[in-house]
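Peer 1: Following this message is one structure expressed as structure tokens.
Please treat every number below as a calculation from the coordinates, not as lab data. Treat the numbers as computed from the prediction; the structure is a model and nothing was measured. Quick reminder, even Gly has a Cβ in these numbers, built from the backbone with ideal geometry, and neighbours come from all protein chains shown.
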């Protein structure tokens, strides 16, 4: 009778389903899903690089558990990591190659798919030139796959019109490091979060985007000041010691202003500057245009706070600056990164414990593609255009030097523009989904329709795969092996846990097999290659003596140590925690860093009468990029099922909306309907925040197509828009910005700072 009543009430009384048993590695776990084995691996989502184990039962992945001995995450995983095993058998998986026939994608053999694509690539190259084939890759392959893919594209297909979606998130950090320090490469370690006295987080919402890093903050016994500089009061801002609400896109002016104060007060580290930098005198002269009052006017940060922020850099033993997309995704992204680096060089806050300018990468292997992917540089951080580096690489891999590219081809946005012009006729897209992720979606769709051939290689049926002519069905995380490199340069091992689903192949195997359809290419580029270890062995040889030296790394060592930070070699057999310490020189010709003169400019697309509101886009912890991986995982969708608009209470009052209502958003490029409202004090008046993950309510229909001229990174963070509610369909009224009057004499006084009297004229911005 009790059983009948429980069944009637909806209670599940199948006790077996909830039974627990002891696992020697992880304690009490579900008896129903108790794995036959645990496989050592690394998370394939974000750039934090968490160590984990994949639980396998009867040949299927049934569990994901954090590795308690891994230095990165200490056994903890975010919601995406905990549910990662579920993506392997996702209903969104592409389980065989597909060819479009009579307007419909239909299952095909690998031979037919490779034959069709190779014959078209060869035809197009013959008719229009080899560079008429373009390729867009990702930050989510294994490094061995990146290396094989880039080598095949650049040396086999002989097109340098190749870039990755890392350009959409990390390119500004890459170019900023290069122009300031001579090479790409994050300078520090997660350990620096544990050692720093003061931590600046600039445009970095780690609580949502890199939540595991909070563990390292919690281990800091110095009780550090955490200073968050952001236009939005994000989750990270709410846990800060000090939140500095900066006006959007004024970070460069801020750091120029802080450098001005450091020089004005004589706070710079003269000995460090003289020994390790060039450009001091030029920078000091340049910064005269960035006096505190002028910078206060630009940024909205008062003069007193500017002095307080500047003093942090010299009053503390160790200062760490970390940033992500809030800095990078700007038409001034590269120079903003260099402005942050300037301040660290001026104060000597680099190359030691707890200090340095630290770029936190977005994707699991954004670093791997930068190291060996042939996109922003030749493998091993060899610069395009460096003749000696080109010859050295050719010699190491035994190829004719004349086939190694002498310069970088088109960047991501330039590839799209070249398609639009009719210059690129075929596009091969690997594990990325531009029909959600790229700016100005209406223009992009029209551009892709001009192609003779669109090939998509992916494990999932993405929005872009749906319009492809051919789809190469790829294996995904857990079905293949190799290495990832995380944000702190830690090379991590990822092992194969289960066999690839259906008729899918690893991206490594796809490249090797596809290369056989081009006369002599496989024999020249991949002689005797069978497994990822063959690529890894060549990577070690290629990187030896370079900054990203892998020569001392083995697969076995990676598992034993829980990852290794490069450079790793005979001199540093267990890796290196920090770059540019006294025994690691800057990678410029004279081994000195460059202090650079950098100018701030007003927004690429300012607010106007028609579009008076600023749109900021970003991520949420529950979803991943364009949701090709996460949209089929129930628990993640339950946590964040749809897009939303964060709107300031004052703007909500004018628009007569409340949380849970629906609104439309428009820009000069398009309109998005029916987006849920969240009234929140996290955004300032005249600004909104919308996550970019969702192909419904696709926010990139609105974003503007302005780009950093040095990195090619899009300006996702500031787009002029209008909001439309049912009660106020015309939206908000444009508010003229307040204009500061002229200031003839500015006297700055602050406790602990000498009195400085200056004469300046300040005009409102």
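Peer 1: Assuming R0 = 35 Å, what is the FRET efficiency of residue 31 and residue 221, from their Cβ-Cβ distance, to the nearest 0.05?
Peer 2: The value I calculate is 0.30.
Peer 1: Roughly how many whole Å is it from the C-alpha centroid of segment 652-690 to that of segment 602-620?
Peer 2: Centre-to-centre (Cα) distance: 12 Å.
Peer 1: In nm, to one decimal, how far is the residue 104 label point from the residue 523 one, both placed 7 Å along Cα→Cβ?
Peer 2: So the two model labels end up 4.3 nm from each other.
Peer 1: While we're looking at this one, here's another question. Would you please classify the overall shape of segment 358-515 from the alpha carbon gyration tensor, given that a ≥ b ≥ c denote the square roots of the eigenvalues, rounded means a/c under 1.5, and beyond that prolate means a/b larger than b/c while oblate covers the rest?
Peer 2: Judged from the Cα gyration tensor, segment 358-515 comes out oblate (a/c at least 1.5, b/c at or above a/b).
Peer 1: First check a/c for segment 268-338, with a ≥ b ≥ c the square roots of the eigenvalues of its C-alpha gyration tensor; if it is under 1.5, answer rounded, and if not, answer prolate when a/b is larger than b/c or oblate otherwise.
Peer 2: Working: a/c = 1.29, a/b = 1.19, b/c = 1.09.
Rounded is the answer for segment 268-338, as its axis ratio a/c remains below 1.5.
Peer 1: Where q = 0.07, 0.09, 0.10 Å⁻¹, what log10 of I(q)/I(0) comes from the Debye formula for the chain, counting one point per Cα?
Peer 2: The Debye formula, applied to the Cα set alone, gives -0.50, -0.84, -1.05.
Peer 1: To the nearest 0.05, what FRET efficiency results for residue 585 and residue 556 with a Förster distance of 41 Å applied to their C-beta separation?
Peer 2: 0.85
Peer 1: Can you tell me the length gained on complete extension of the stretch residue 503 to residue 118, counting 0.36 nm per residue apart and subtracting the Cα distance?
Peer 2: Extra length from residue 503 to residue 118 when fully extended: 136.6 nm.
Peer 1: Tell me whether segment 172-360 comes out rounded, prolate or oblate; compute the Cα gyration tensor, take square roots of the eigenvalues as a ≥ b ≥ c, and use a/c under 1.5 as the rounded threshold.
Peer 2: Rounded.
Peer 1: Also, quick follow-up: In whole angstrom, how far apart do the alpha carbon centroids of segment 481-520 and segment 549-575 sit?
Peer 2: Their Cα centres are 21 Å away from one another.
Peer 1: Would you calculate the separation in nanometres between label points at residue 533 and residue 727, each defined as 7 Å from the Cα along the Cα-to-beta-carbon direction?
Peer 2: 6.8 nm
Peer 1: Eigenvalues of the Cα gyration tensor times 5, then square-rooted: what semi-axes does that give for segment 613-724, in whole angstrom, largest first?
Peer 2: Semi-axes from the Cα gyration tensor: 21, 20, 12 Å.
Peer 1: What is the distance in Å between the Cα centres of segment 204-243 and segment 418-447?
Peer 2: That distance is 36 Å.
Peer 1: Please compute the Cα-Cα pair-distance distribution of segment 25-127 with 5 Å bins starting at 0, giving whole percents from short to long.
Peer 2: Taking every Cα pair in segment 25-127, the percentages come to 2, 11, 15, 15, 11, 8, 9, 10, 9, 6, 2, 1, 0.
Peer 1: Determine the calculated [θ] at 222 nm for the chain from helices alone, applying -39500 (n - 2.57) to every DSSP H run no shorter than 4 residues and normalising by the residue count; nearest 500 deg cm²/dmol.
Peer 2: Computed mean residue ellipticity for the chain: -8000 deg cm²/dmol.
Peer 1: Now a separate question. Quick one: if the Förster radius is 41 Å, what FRET efficiency do residue 634 and residue 406 give, using the C-beta to C-beta distance and rounding to 0.05?
Peer 2: 0.20
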